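Read-outs: derived from the displayed coordinates by stated rules, not from any lab. As the structure is a prediction and not an experimental result, all values here were calculated from the model. Using ideal geometry, Cβ is built from the backbone for each residue, glycine included, and neighbour counts are taken over all protein chains shown.
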Number of protein chains: 2
Amino acid sequence: MSKLKKIPKGKVLNCIRRIRLARTNLTQAELGKLVGATRQTIIAIEAGKYAPSMELAFRIVREFEVPFDEVFSFDPDGS
Amino acid sequence: MSKLKKIPKGKVLNCIRRIRLARTNLTQAELGKLVGATRQTIIAIEAGKYAPSMELAFRIVREFEVPFDEVFSFDPDGS
DNA sequence: ATATAATGTCCAAAATGTTTGACATTGAGC
DNA sequence: GCTCAATGTCAAACATTTTGGACATTATAT
């Protein structure tokens, strides 16, 4: 009688790539350097391989000068 | 010639405790259960010991039914 | 005074995010 | 053709977040 409600982890979505290309001329490596991360990390996050830490997420939206929720959203049932 | 610009990690601030007590009657354990985390995790995050993952942060603001930036903010130079 | 709920602490292990270095692919320009 | 910058991939180390269990403190109620 499985009464255990498993909370699905959900998936964090982002449009970093779109904003990076639309609002800046930054490469992944350059963005990484500006926000204190490596280019591999930017690649992985843009590709949705994993969600960034809160700190990194805030540094990214700050660099872009856009509101947080314009870059990151949440799909509760995703993946 | 230290040309290395260290990006400070910065500190993520939250007012989970205030909202939990003001807008809900939830205990830390109950909130934890609702958002799929343990009570130790809620305690640590409320106490500012570390920032939550993106997933957990989104599940929390979702439970509270308040905008993301009403709960979480960023102090770029903090700690 | 003792019972109970809520909060807090500590610790080790598990899970997730990040770095480093190396190498592969793609597209643009010469 | 070739070169070069940008992007992508992989694996191993490392850092941070999360868990589970045990135990302590505080306040409230009986």
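A few comments on the model shown:
- Checking the range B:63-72 against the condition returns a match, with at least one residue being at the interface with chain A (Cβ under 9 Å from one of its Cβ atoms), out of contact with any Ser or Thr (no Cβ under 8 Å at 6 or more places or on another chain), assigned to a helix (DSSP H, G or I) and not aromatic (F, W, Y).
- The set of residues in the range B:11-43 being in contact (Cβ under 8 Å) with a residue 40 or more places away in the chain, within 14 Å of another protein chain (Cβ to nearest Cβ) and either within 12 Å of DNA strand C (Cβ to nearest atom) or hydroxyl-bearing (S, T, Y) (or both) consists of B:V12, B:I16.
- Identification of helices (runs of 4 or more DSSP H) wholly contained in the range B:1-51 with 3 or more residues that are surrounded by 13 or more Cβ atoms within 10 Å (Cβ to Cβ) and touching a strand residue (DSSP E or B) at 6+ places or on another chain (Cβ under 6 Å) yields no element.
- Residue within the range A:57-65 that is among the aromatic types (F, W, Y), surrounded by 13 or more Cβ atoms within 10 Å (Cβ to Cβ) and within 12 Å of DNA strand C (Cβ to nearest atom) present: yes
- Within the range A:48-79, being more than 26 Å from A:K6 (Cα to Cα), within 9 Å of the chain's Cα centre (by Cα) and within 16 Å of DNA strand D (Cβ to nearest atom) holds for A:L56, A:A57, A:I60.
- Within the option set A:S73, A:S79, being touching a Lys or Arg at 6+ places or on another chain (Cβ under 6 Å) and of a type in the set (S, T, Y) holds for one residue only, A:S79.
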